[in-house]
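**Q** Take this structure, written in structure tokens, and hold onto it; I'll ask about it next.
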Amino acid sequence: MAPLMEKTLILLKPDCVQKNLIGKVIARFEEAGFAIRATKMIQLTDEVLAEHYAHIAEFPFYPSVESFMKETPVVAMILEADNIIDSLRDMLGVTDCLEAAPGTIRAEWGSKEEGKNKMCNIAHASDSAETAEVEIKRFFSDDEIFSY
Ligand code: ADP
């Protein structure tokens, strides 16, 4: 398939911040050749989380996810590259850090602790072009996004 220039929305979650892994995770993105188009640190609120995680809001684990995502500020970023949505999701690994493929960000740095392995998984990345468009608007205004 022809390469397609895409943007994706990343959140470096509170476990990434607490483990002092912000730099290491961003280094992986830069080494992969992804361009950083926007970044800022923000404190998530219940309102934003209810939108961002609407697809899991009905699950019994949602209240824990909501608390976890507010433990510290998160680092929000927009990254751009050819086919970045799929390559970033591959680089992250699957939701459960115990099942994530070796070498992925979640396998390497996510929680292996029972009860936390599916929740504390270092980073969020948009799962489709449609979602990316909505998520980018959720976290960034046009004047915070740079092309250079
Ligand atoms: P992903 O972030 O891999 O796209 P989902 O969109 O399904 O995964 O879920 C959003 C987030 O909710 C996950 O990244 C994780 O932090 C949390 N989560 C998902 N499933 C579970 C679960 N079974 N138990 C606890 N937390 C979960």
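**Q** Quick one: in the range 88-102, of everything that is more than 9 Å from the ligand (Cβ to nearest atom), assigned to a loop (DSSP other than H, G, I, E, B) and not aliphatic (A, V, I, L, M), which residue is least open to solvent (accessible area, probe 1.4 Å)?
**A** Here the residue is CYS97.
**Q** When residues of the range 103-116 are filtered for being open to solvent by 40 Å² or more (accessible area, probe 1.4 Å), under 19 Å from GLN18 (Cβ atoms) and either touching a Ser or Thr at 6+ places or on another chain (Cβ under 6 Å) or in a loop (DSSP other than H, G, I, E, B) (or both), how many remain?
**A** 5
**Q** Which residues, counting only those in the range 90-99, are within 15 Å of the chain's Cα centre (by Cα) and either free of Cβ contacts under 8 Å to residues at least 60 places away in the same chain or farther than 16 Å from ALA32 by Cβ (or both)? Spell out how you get there, then give the answer.
**A** Just the residues of the range 90-99 that are within 15 Å of the chain's Cα centre (by Cα), to begin with: 90-97.
Across the range 90-99, the qualifying residues are ASP90, LEU92, GLY93, VAL94, THR95, ASP96, CYS97.
**Q** Something else about it: Going through the range 4-38 one residue at a time, which ones are surrounded by fewer than 17 Cβ atoms within 10 Å (Cβ to Cβ) and part of a strand (DSSP E or B)?
**A** MET5, ALA35, ILE36
**Q** Here's something else I'd like to know. Among the residues that make up the range 43-59, is at least one of them within 11 Å of the ligand (Cβ to nearest atom) and in contact (Cβ under 8 Å) with a residue 40 or more places away in the chain?
**A** yes
**Q** So for the range 41-51 (the condition being aliphatic (A, V, I, L, M) and in a strand (DSSP E or B)), does at least one residue qualify?
**A** Step one: filter the range 41-51 for residues aliphatic (A, V, I, L, M), giving 41-42, 44, 48-50.
Filter once more, keeping what is in a strand (DSSP E or B): 41-42.
Yes, the conditions are met somewhere in the range 41-51.
**Q** I want to confirm something. Restricting to the range 63-84 and keeping residues that are among the hydroxyl-bearing types (Ser, Thr, Tyr) and more than 8 Å from the ligand (Cβ to nearest atom), which single residue is farthest from GLU31 (Cα to Cα)?
**A** Residue satisfying both the conditions and the ranking: SER67.
**Q** Something else: Can you give me the number of residues within the range 39-56 that are open to solvent by less than 40 Å² (accessible area, probe 1.4 Å) and over 14 Å from the mean Cα position of the chain (by Cα)?
**A** The number of residues fulfilling the criteria is 1.
**Q** Among the numbered conditions (1) modelled with pLDDT of 95 or more; (2) assigned to a loop (DSSP other than H, G, I, E, B), tell me where TYR148 comes up short.
**A** (1)
**Q** Across the range 117-130, what is the total count of residues that are surrounded by 15 or more Cβ atoms within 10 Å (Cβ to Cβ) and free of Cβ contacts under 8 Å to residues at least 60 places away in the same chain?
**A** 4
The values are calculated or read from the model by the stated rules, or taken from the named source; none is laboratory data. Keep in mind the model is a prediction, meaning the values are calculated, not measured. When we count neighbours, we look across all protein chains shown, and the Cβ atoms used for this are built from the backbone with ideal geometry, even at glycine. Just the protein is used for accessible areas: all its heavy atoms, side chains included, with ligands, DNA and RNA removed. Shrake-Rupley method; radii C 1.70, N 1.55, O 1.52, S 1.80 Å.
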